[in-house]
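So the structure is just underneath, and the comments pick up after that.
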Amino acid sequence: MRTLWLTCLTALFLIVSISSAQVMINEILYDTDGSDDTSIMFTEIYGPAGTDLDGYTLHGLNGNQSGAEYLSVPLSGTIPADGYFVVGGSAVNNVDQVSPHDWQNSGYQGVGCDCIHLRYQGGNVDKVRYGDCEAGHECEGEGDGYAPDPYPTGGINYSIGRIPDHQDTDDNGADWGIPDALTPGEPNAGGPCEMYTYTISEIQEDNADGTPVHLGEFVHTEGIATVANYVYDPATTNFYIQDDDAGVNIFGSVGTANVMPGDCVVIEGWVGFYNGLTEITSSGGGNCTWDLEVVDHTAVPEPMILPCNTIETLGEEFEGMLVTIQGVSITGGDAWPPADQNANITISDQSGSCTMRIDKDTDIGGQAQPEDPFDVTGIVSQYDASSPHTAGYQLLPRAYTDFIHVAVDDFAADVPESFELLGCFPNPFNASTRISFNVPNHTDVSLRFYDLLGREVMQASVSVQAPGQYSYVWNGTNAAGESVSTGLYFVRLQAGAAAVTGKVLYLK
């Protein structure tokens, strides 16, 4: 288990889950072939176990009659322990209240929409609008979308339902679909939730075009927040987590979560992709539910010290991680921004130049431009709209306090005096390991990897433009891109006449 995460094991499990526990309409069979058979038609309600349904009523509204109500079904009883309450005909599986009813068949005489409301003591609790609306139809649902079809595409014994099961984002178009089967009293069959547990490094693994290998998969991972959720976007959940190896953006359009720097976060969501940036997002396919939990609090990870040219040329290896660039000056790009304005500013150190992105939602814009030279801390992000997504890396400062003015003499003292291997981390590793080293002068560093028999399995090089700390990430593959066998490997680094050797243990 990763070192940083060990500090989070005193968990109190402070849950900030986005999912809802309200009473809602979850599945509807509102049409059958030919003359409707009300003995098999039903409406499924989902909600907290033990909820007394006295006072709740279902109401059908006809879209082509100005939303006039044509049917009301009072509910009675309590929601069972599994959360599913079924009201319908006597032949319905798992029926809890036998009340045969026949909702309007949307689109029966052409394009049209209808709606069903769930009310408690006269007030709306949930609204489902279904079918494609034409001009003149008045259908009050949730959101701008509709359910997927004007009538169940499979004919008899097909329904519309929430997919994922009991998801409610207040948008019918996003929440509702056609289940794979009729499931009154059971979770909607939109395919089981296929969840994969990955490290952040595995989530960050890319294809040749820069897109995530696991794009679209529903994943479980964990890390420590390096920025509060509201800093880069106060309207949505938008923050970063990292462990010892990698970092990733968390983006949730379903409300906001109260996450602070140092919070230990467990996240379940879909691997997303936005202009080169890998994300874990709150929306995706499959019968899964986004979940975010803060389980403990610890110190914010120490930022990794990198030169500018590493972010520019090897930004993908550090995407999502908290880093510091030392002794930089502003050399181009946009002007220092006023409040509430974005800016892409070019900063430079002895290694070269890179981009610093000032986000308008931070407190940075409108403050005094930092005096050169300065150290700046931030998160490595990416904005590259074209394939292959291998450029556009940016440093995102979190707050004005991420800027620290330094004296020129202080920065010069940090220049390494000798070629030195700082270590490989993690070691042992099973996804990737970062090999860090100091270089005292302009040169090219070669890396060669050998197995225990002395056979070379891979080689690489790093171009060093200025003295400083550099690193190379090895993902355990050989020269052909194939995964190497489990075992001990030697890495030899050479810069001119100087050479150092280290050992790494690869575990599958």
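Yes or no: A299 farther than 30 Å from E186 by Cβ and touching a residue at least 60 places away in the same chain (Cβ under 8 Å)?
Details: farther than 30 Å from E186 by Cβ: yes; touching a residue at least 60 places away in the same chain (Cβ under 8 Å): yes.
Against the criterion (farther than 30 Å from E186 by Cβ and touching a residue at least 60 places away in the same chain (Cβ under 8 Å)), A299 qualifies.
For segment 47-82, give me the residue count where each residue is under 26 Å from D37 (Cα atoms) and small (G, A, S).
7
Hey, does segment 294-310 have a residue that's crowded, with 17+ Cβ neighbours inside 10 Å, of a type in the set (S, T, Y) and outside any loop (DSSP other than H, G, I, E, B)?
Yes.
Residues to consider are V95, V73, V87; find the one that is among the β-branched types (V, I, T), within 13 Å of P184 (Cβ to Cβ), in a strand (DSSP E or B) and modelled with pLDDT of 95 or more.
Values: V95 fails: in a strand (DSSP E or B); V73 fails: within 13 Å of P184 (Cβ to Cβ).
None of the others qualify; the one that does is V87.
Which residue out of S436, S386, S418 is of a type outside the set (A, V, I, L, M), assigned to a loop (DSSP other than H, G, I, E, B) and at pLDDT below 90?
Working: S436 fails: assigned to a loop (DSSP other than H, G, I, E, B); S386 fails: at pLDDT below 90.
Only one candidate qualifies: S418.
Considering only segment 325-355, state which residues are modelled with pLDDT under 95 and among the β-branched types (V, I, T).
Scanning segment 325-355 gives I325, V328.
Could you tell me which residue of segment 135-170 is modelled with the lowest pLDDT, considering only residues that are buried (at least 16 other Cβ atoms within 10 Å of the Cβ) and under 23 Å from the mean Cα position of the chain (by Cα)?
P164
Please specify each residue of segment 318-359 satisfying the condition of being of a type outside the set (V, I, T) and touching a helix residue (DSSP H, G or I) at 6+ places or on another chain (Cβ under 8 Å).
Quick first cut of segment 318-359, residues of a type outside the set (V, I, T) only: 318-322, 326-327, 329, 332-344, 348-354, 356-357, 359.
Selection gives F318, G320, Q326, G327, S348, D349, S351, G352, S353, C354.
Return only the number of the condition from (1) buried (at least 19 other Cβ atoms within 10 Å of the Cβ); (2) of a type in the set (G, A, S); (3) out of contact with any Leu (no Cβ under 6 Å at 6 or more places or on another chain) that A257 does not satisfy.
Single failed check for A257: (3).
Assuming P179 fulfils every condition listed in (1) more than 21 Å from W290 (Cα to Cα); (2) modelled with pLDDT under 85 apart from one, which condition is it?
Going through (1) more than 21 Å from W290 (Cα to Cα); (2) modelled with pLDDT under 85 one by one, P179 breaks only (1).
Hey, among the residues in segment 354-381 that are small (G, A, S) and in a strand (DSSP E or B), which one's surrounded by the most Cβ atoms within 10 Å (Cβ to Cβ)? I'd like the intermediate steps shown before the answer.
As a first pass, look at segment 354-381 and keep what is small (G, A, S): 365-366, 368, 378, 381.
Now restrict to residues that are in a strand (DSSP E or B): 378, 381.
On the way: G378: 26, S381: 23.
So the residue we want is G378.
Pull up segment 25-49, narrow it to residues that are of a type in the set (D, E, K, R) and modelled with pLDDT under 85, then point me to the one that is nearest to Y84 (Cα to Cα).
Applying the first criterion (of a type in the set (D, E, K, R)) to segment 25-49 yields 27, 31, 33, 36-37, 44.
Keeping just the survivors that are modelled with pLDDT under 85 gives 31, 33, 36.
Details: D31: 21, D33: 26, D36: 24 Å.
Ranking the candidates gives D31 first.
Could you please give the count of residues in segment 331-353 that are surrounded by fewer than 20 Cβ atoms within 10 Å (Cβ to Cβ) and either more than 31 Å from the chain's Cα centre (by Cα) or closer than 11 Å to L306 by Cβ (or both)?
6
Just to check your reading of the model, which residue among D132, D126, D102 is under 33 Å from the mean Cα position of the chain (by Cα), in the same structural domain as Y158 (by TED's automatic domain parsing) and surrounded by fewer than 18 Cβ atoms within 10 Å (Cβ to Cβ)?
Working: D126 fails: surrounded by fewer than 18 Cβ atoms within 10 Å (Cβ to Cβ); D102 fails: under 33 Å from the mean Cα position of the chain (by Cα).
After applying the criteria, what remains is D132.
For segment 417-428, does any single residue satisfy the condition of being aromatic (F, W, Y) and in contact with an Asp or Glu (Cβ under 8 Å, 6 or more places away or on another chain)? Before the answer, list the steps.
Just the residues of segment 417-428 that are aromatic (F, W, Y), to begin with: 419, 425.
Going one step further and asking which of them are in contact with an Asp or Glu (Cβ under 8 Å, 6 or more places away or on another chain), we end up with 425.
The answer is yes; a qualifying residue exists.
Considering segment 157-175 alone, what residues qualify as being part of a loop (DSSP other than H, G, I, E, B) and either hydroxyl-bearing (S, T, Y) or more than 21 Å from G89 (Cα to Cα) (or both)? Please lay out each step first, then the result.
Keep residues of segment 157-175 that are part of a loop (DSSP other than H, G, I, E, B), which gives 157-159, 163-171.
Of everything in segment 157-175, those that are part of a loop (DSSP other than H, G, I, E, B) and either hydroxyl-bearing (S, T, Y) or more than 21 Å from G89 (Cα to Cα) (or both) turn out to be Y158, S159, I163, P164, D165, H166, Q167, D168, T169, D170, D171.
Condition test on Q22, is it at pLDDT 80 or above, surrounded by fewer than 16 Cβ atoms within 10 Å (Cβ to Cβ), under 27 Å from N94 (Cβ atoms) and out of contact with any Cys (no Cβ under 8 Å at 6 or more places or on another chain)? It would help to see each step written out before you state the result.
Values: at pLDDT 80 or above: yes; surrounded by fewer than 16 Cβ atoms within 10 Å (Cβ to Cβ): yes; under 27 Å from N94 (Cβ atoms): yes; out of contact with any Cys (no Cβ under 8 Å at 6 or more places or on another chain): yes.
Considered against the rule, which asks whether it is at pLDDT 80 or above, surrounded by fewer than 16 Cβ atoms within 10 Å (Cβ to Cβ), under 27 Å from N94 (Cβ atoms) and out of contact with any Cys (no Cβ under 8 Å at 6 or more places or on another chain), Q22 comes out as yes.
The values are calculated or read from the model by the stated rules, or taken from the named source; none is laboratory data. As the structure is a prediction and not an experimental result, all values here were calculated from the model. Here Cβ is always computed from backbone atoms with ideal geometry, including for glycine, and neighbour counts include all displayed protein chains.
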